[in-house]
Each structure stands twice: as C-alpha cells, then as structure tokens.
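Enquirer: Below is a structure I'd like to ask you about.
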Amino acid sequence: MKTEKHLLFAVAGLLSLFSSAAIAGAPLAGQKSDDAAPGMSQSIALEKMIQKNTEQKLAAEAKKYTQMVALAGSQQDELAKRRDEAANAYKTWQSSKSAVELPGNANADGFKAVEVAAQAYSKAHKAFIGLQKEILAKNGVPSGTADTFIAKNGILSDPVAAYNAAPPTAAGSR
C-alpha cells in the first residue's frame, strides 16, 4: 500500500512536470508561434534605445570637453592632468567595487578600500569640475550658466563604463 502511494505520487509529479514543460513551449491561444517572445523584442529595443542615448550623451560630453580645452589656453595641460587623475581614480574605484563583489572577498578591509577609492574619485572629480569652472570664469561665462558648458562625465570615454555609471531608470536597473 505504501509503495503504491509513493509510485502514484511520483507519477503525478512527473505528469505535472511534463505538462508544465509542454505548456511553457506551446503558444498561447490566438498567438502565433513566431511571436512567442514579444518581451524579448521589447527588451532588445529598450537596450538599443539605452545604448543610443548613452552614445549621444558621450558625444555631447566629448564636445563640451573639446570646447573646454579650446577655452583653457595655457591651462590645457592642467585640465588634461585633472581629467586623467579623475579617470584613474574612477577606474580604481570600479576595480575595488568589483573585487569586493566577488564571492569570498566581502570583508571590512575590502569595503574600506571601496570607501577610500570613492573618496579619492570624488576629490579628483571635484578638482576637475572646479578647474573647468575657473576656466569658464576667466573667459567671462556667468556662473549661473557655467553648468551647461562643463564636461561632467568627460572622463568616461568607454561606453560600457558610462552605461555602468548611469543612474537607474524607470525602465529597469539602468
């Protein structure tokens, strides 16, 4: 009697498994089989739109930085130095974050390293922005409109890094 119950339970489980697999692969009523993944095409379209938007923002930031270099005059070397310092600090911060996210690496020292790297990046980025504001002020640009000329993300020349640094959107995590 016990064996029959176990056998019946196993058969019922297998039947439910196979029927679920069959249902998952079958198109819904009134749906064509070639339209089985409309969510996938929407996801791809969203990814393409995000990529295009990111590329446009990077192009605009590159244009702002080029204009800033033209205005910098004798401070071009210092501007490039500050940009490079901010870029290197950003890369260090991202590397330390990635290292801590690996399984087994999450410890107090790792988190402290991430915090120190984030502070170093913040300091370098503020210096980069500050120099740009100084250059704009020397060229007669009013402080109220200076933000429209400043290359805030000029250090992100890599589209993947720019995408990863982008804030979350309403459509998803990025």
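Enquirer: Quick check: is even one residue across region 152-163 loosely packed, with under 13 Cβ neighbours inside 10 Å and at pLDDT below 85?
Expert: Yes, region 152-163 contains a residue that is loosely packed, with under 13 Cβ neighbours inside 10 Å and at pLDDT below 85.
Enquirer: Can you name every residue in region 127-141 that is open to solvent by less than 70 Å² (accessible area, probe 1.4 Å) and touching a residue at least 60 places away in the same chain (Cβ under 8 Å)?
Expert: Across region 127-141, the qualifying residues are Gln132, Ile135, Leu136.
Enquirer: A further question on this structure: Please go through region 49-69 and give me each residue that is of a type in the set (Asp, Glu) and open to solvent by 40 Å² or more (accessible area, probe 1.4 Å), ordered by number.
Expert: Within region 49-69, Glu55 is the sole residue that qualifies.
Enquirer: Given the condition under 21 Å from the mean Cα position of the chain (by Cα) and at pLDDT below 90, answer yes or no: does some residue in region 65-87 qualify?
Expert: No: zero hits.
Enquirer: From the list Leu46, Leu79, which residue is touching a strand residue (DSSP E or B) at 6+ places or on another chain (Cβ under 8 Å) and either surrounded by 12 or more Cβ atoms within 10 Å (Cβ to Cβ) or over 23 Å from Ala118 (Cα atoms) (or both)?
Expert: Leu46
Enquirer: Also, I was wondering about something else. Can you tell me which residue among Leu15, Leu8 is open to solvent by 70 Å² or more (accessible area, probe 1.4 Å), over 30 Å from Ala127 (Cβ atoms) and either hydroxyl-bearing (Ser, Thr, Tyr) or modelled with pLDDT under 50 (or both)?
Expert: Selected residue: Leu8, the only one of Leu15, Leu8 that is open to solvent by 70 Å² or more (accessible area, probe 1.4 Å), over 30 Å from Ala127 (Cβ atoms) and either hydroxyl-bearing (Ser, Thr, Tyr) or modelled with pLDDT under 50 (or both).
Enquirer: Quick test of your reading of the structure: Gly104 fulfils all but one of (1) assigned to a loop (DSSP other than H, G, I, E, B); (2) at pLDDT 90 or above. Name the failing condition by number.
Expert: Condition not satisfied by Gly104: (2).
Enquirer: Test each condition in (1) open to solvent by 30 Å² or more (accessible area, probe 1.4 Å); (2) at pLDDT 85 or above for Gly144 and report the one that comes out false.
Expert: (2)
Enquirer: Kindly indicate which of Leu58, Leu136 is hydrophobic (A, V, I, L, M, F, W, C), part of a helix (DSSP H, G or I), at pLDDT below 90 and closer than 21 Å to Lys152 by Cα.
Expert: The match here is Leu58.
Enquirer: Something else now. Looking at Ala86, Ala124, Ala72, Ala117, which is the one that is in contact (Cβ under 8 Å) with a residue 24 or more places away in the chain, open to solvent by less than 50 Å² (accessible area, probe 1.4 Å), over 26 Å from Ser143 (Cβ atoms) and part of a helix (DSSP H, G or I)?
Expert: Of Ala86, Ala124, Ala72, Ala117, the one residue that is in contact (Cβ under 8 Å) with a residue 24 or more places away in the chain, open to solvent by less than 50 Å² (accessible area, probe 1.4 Å), over 26 Å from Ser143 (Cβ atoms) and part of a helix (DSSP H, G or I) is Ala117.
The values are calculated or read from the model by the stated rules, or taken from the named source; none is laboratory data. As the structure is a computational prediction, the values presented were derived from the model and not from experiment. FYI the Cβ positions are ideal-geometry reconstructions off the backbone, even for glycines, and counts take in every protein chain you see. Please note that ligands, DNA and RNA were not included when accessible areas were found on the heavy atoms of the full protein model with its side chains. Shrake-Rupley method; radii C 1.70, N 1.55, O 1.52, S 1.80 Å.
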